[in-house]
Amino acid sequence: MIRAIEFYVDMIFVTAKAWILDLLSRFLPDWMVVLASITISGVVILCMGPIIMMYLTLLERKLIGRIQNRYGPNRVGKWGLLQPIADGIKMFTKEDIVPANADKIVHLLAPIVIVVPALMVFLVVPFGERMTAVNLNIGLLYFIAISSVTVLPIFMGSWASRNKYSLLGGMRTAAQMISYEIPMTLAVVPAIMMSQSLSTNTIVLAQAGDYDLHWFIFTPWGIVGFIVFFLCATAECNRPPFDLPEAESELVAGFHTEYSGMKFALFYMAEYMNTFTLCGIAATLFLGGWQGPFFPSWLWFFGKTFVLICVMIWFRGTFPRFRVDHLMGFAWKFLLPLTLVNILLTALWQFTSNLAAWFWSILVLGISLWTLVKLNRTFVPEKRHYPLES
Amino acid sequence: MTVFGWGVFKGMLVTFKNFATSYFRKPDEGGIFTVQYPEEREKTIENFRNFPFLVYDETPGKIRCVACGICERECPTKCIHIEMETDATGKPARRPAVFDIDYGLCMNCGMCEEVCPFDSIFMDHAFEVTAVPMSVNFNEVEIGTALTALDQKKTKVSAERAEGLVRHKEKLLKPNEYFQRIRPTLASAIDQKRKAAEEKKRAAMPLRHNAPDGPVPGRENADGQTQPSATQEPK
């Protein structure tokens, strides 16, 4: 009985969609039912993206406020719940200013284009059991490919603005996002190796085990992979402490200096939706996706994702911004070798028995971390003394 | 030896502690110290000072100010404008006909309060001052509703708003009871001083004081005419 209720709650969204399609199939020909099925998934994603973005801004402002001993927004509606709507109205009513010397068409296109990949990656995120919009067998590859397109519209916007600060911000974005793409992709490889699939669904299913708790993060390579992936994800969506592209103390507002009103809001929307999907994929790859005991699968997925988002917000409330050379050095000189070691470690784990695997993994990790830290130490010249001749 | 990356975790612990304690700690223990302003207010301390006001004793006619003009001269921003009243014969009446303070200029320094020898001008506590058009009597407007009153009156822009910042005598006058309420310590001390000075003066002029029909020492008689009084003399 309890199992049945659990199953029903778990499948509530899947059942709802099946019910609607069943209803439609009585009046419509088959090909239109297929179209309707696509439309339903599409509409749900198109609505969910912006709504998640709106309430992420509220969550972020609230948490940051608490971290800084403030209340955060609390005047519009109970607990400020209507604040995102008020912000939206404000953004829509603002004047749209285009610089006189800007490339008008590209300036207009950039904020529109940036939302497209941010929405497209929602397709392969497994929100729950049987709740992936499109179960691509190359889902992860698709995700990595699409999310890396985000550099392009940002650079479009910065170039079209004809502004020094924008261009600097765009340059920084390009450098940062391309650099962090590499360790991010390599950090994903162990998960692909162990689940032997690129499909996000299969990767989640590979983490089932007893009590659905056989998550990849409970292995040494999983922890390393997760941490590297998460740091790279933070850098990918330009969040502090990796927010150099929009460093307001150096670049006014970086690539969106010349954007106002809804165009600016679209940049923000893309950023927050990227945050959500990257956290969702991090949860999928290493935290078992929707796998988990007792609760319905979609609750597990959203719970894990929001915990990761809260950690990102926590980062923002804690860390000062990186210096540019430190940022690049961190990606190329620390994360990249670490991910390479991690891939070897995964192979070691696969071909060694359990206890020995733990021993060897920790040994190899310890040695490689120690070496990397030693090699990455900044060179500080010894202070020279010039004793006076007496 | 410190572990590499330990500082990162220490920093995150600090922010987490701040986050968690903001829910239950009191403001002075490191919790949230925001005051939700229009609903909550901090208690105004007695010596808080905002724009000056004029004190009168029993009725608005019994104004303490004698239009000596010391404050006008001492004011660093020259925001006070005084004209002395004259009676029918052209004799100065030792009370102001015009007493304007431009709130747009006043910087709340409190110089006027310090230099006034007649204990007439003091710094007010009312800080919720908006440029209300002259048609709205600011003293009648409840604290915090000034803006609403402004909206209802459908103020004309610019000119009238700037005009609203110049406070005339009628709006500057506030009773001694109000002064007693907002700054009890100073007000009682001044009342005592004034009472003592008056009694000394009475003792010095027993005849005049004891005469039943003689003029009462004070600035004013029934029809509002002022007379020079002992208490008004500079001490």
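Taken together, the values in this text are just the output of simple stated rules run on the coordinates, not laboratory data. Model, not experiment: these values are computed from the prediction. Note: ideal-geometry Cβ built from the backbone for every residue, glycine included; neighbour counts use all protein chains shown.
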I'd like the distance separating the alpha-carbon centroids of region B:62-127 and region A:289-356, in whole Å.
71
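If you put +1 on each Lys and Arg Cβ and -1 on each Asp and Glu Cβ, how big is the dipole of region A:1-117 around its Cα centre, in Debye rounded to 20?
Numbers: 12 positive and 9 negative charges, 124 e Å.
Result for region A:1-117 is approximately 600 debye, rounded to the nearest 20.
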Please return the longest range in chain A lying between exposed loop sites, taking chymotrypsin sites (Phe, Trp or Tyr not before Pro), DSSP loop only, at most 12 other beta-carbon atoms within 10 Å, and leaving the sites out.
A:28-293
Under 20 Å from A:Lys304, Cα to Cα: lysines that are on another chain or at least 8 residues apart
A:Lys62
Among A:Thr352, A:Thr132, A:Thr234, residue whose mean-square fluctuation peaks in a GNM of chain A (springs only between Cα atoms under 10 Å):
A:Thr352
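Fewest to most neighbouring Cβ within 10 Å: what's the order for A:Cys279, B:Cys112? Don't skip to the end; give the middle numbers.
Details: A:Cys279 26, B:Cys112 22.
The order, fewest Cβ neighbours first, is B:Cys112, A:Cys279.
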Lys/Arg Cβ at +1, Asp/Glu Cβ at -1, dipole of chain A taken about the Cα centre: which of A:Asn101, A:Leu388, A:Val124 is farthest positive-ward?
A:Leu388
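Across the residues of A:162-168, average count of Cβ atoms on other protein chains within 10 Å? Show your work: numbers first, answer last.
On the way: counts 0, 0, 0, 0, 0, 0, 0.
Mean partner-chain Cβ count within 10 Å for A:162-168: 0.
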Peptide B:28-36, shielding by other chains (average Cβ, 10 Å cutoff):
2
In percent, what relative contact order does chain A have, based on Cα pairs under 8 Å that are 6 or more apart in sequence?
20
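To the nearest 20 Debye, how big is the dipole of chain A about its Cα centre, given +1 on the beta carbon of each Lys and Arg and -1 on that of each Asp and Glu?
Values: 27 positive and 23 negative charges, 157 e Å.
In total the dipole reaches around 760 debye.
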Just A:Gln291, A:Gln83, A:Gln68 to compare: in a GNM of chain A, with alpha carbon springs under 10 Å, which one fluctuates most?
A:Gln68
Cross-link reach list, lysines versus B:Lys43, counting only Cα pairs under 18 Å and skipping chain neighbours closer than eight places:
B:Lys26
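Need one number: % antiparallel among DSSP beta bridges in the protein assembly as shown, to the nearest 5. Provide the component values of the computation, followed by the final result.
Numbers: 13 of 16 bridges.
Here the share of antiparallel DSSP bridges comes out near 80 percent.
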With the dipole of region A:1-100 worked out from charges on the C-beta (+1 for Lys and Arg, -1 for Asp and Glu) around the Cα centre, which of A:Ile2, A:Trp79, A:Leu24 lies farthest toward the positive end?
A:Trp79
For the residues A:Thr346, B:Thr15, what sequence is obtained by ranking on other C-beta atoms within 10 Å, fewest first?
B:Thr15, A:Thr346
Ranked B:Asp100, A:Asp10, criterion: other C-beta atoms within 10 Å, fewest first:
B:Asp100, A:Asp10
Where in chain A are the DSSP H helices whose C-alpha atoms run 18 Å or more along the long axis and whose mean Kyte hydropathy is at least 0.5?
A:12-25, A:30-67, A:104-120, A:164-195, A:220-236, A:261-286, A:297-318, A:336-350, A:354-376
Where a Cα-Cα gap under 20 Å defines reach, which lysines qualify for B:Lys62, not counting those fewer than 8 residues away within the same chain?
B:Lys91, B:Lys169, B:Lys171, B:Lys174, B:Lys193, B:Lys195, B:Lys201, B:Lys235
Checking A:Glu95, A:Glu60, A:Glu181 against a Gaussian network model of chain A (alpha-carbon springs below 10 Å), the top fluctuating residue turns out to be A:Glu95
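Can you list which of the trypsin sites (Lys or Arg not before Pro) found in region A:1-84 are DSSP loop residues with at most 16 other C-beta atoms within 10 Å?
A:Arg26, A:Arg70, A:Arg75
Just in region B:1-43: which chymotrypsin sites (Phe, Trp or Tyr not before Pro) are loop by DSSP and have at most 14 other Cβ atoms within 10 Å?
Values: sites: B:Phe4, B:Trp6, B:Phe9, B:Phe16, B:Phe19, B:Tyr23, B:Phe24, B:Phe33; in loops: B:Phe4, B:Tyr23, B:Phe24, B:Phe33.
Those satisfying the criteria are B:Phe4, B:Tyr23, B:Phe24, B:Phe33.
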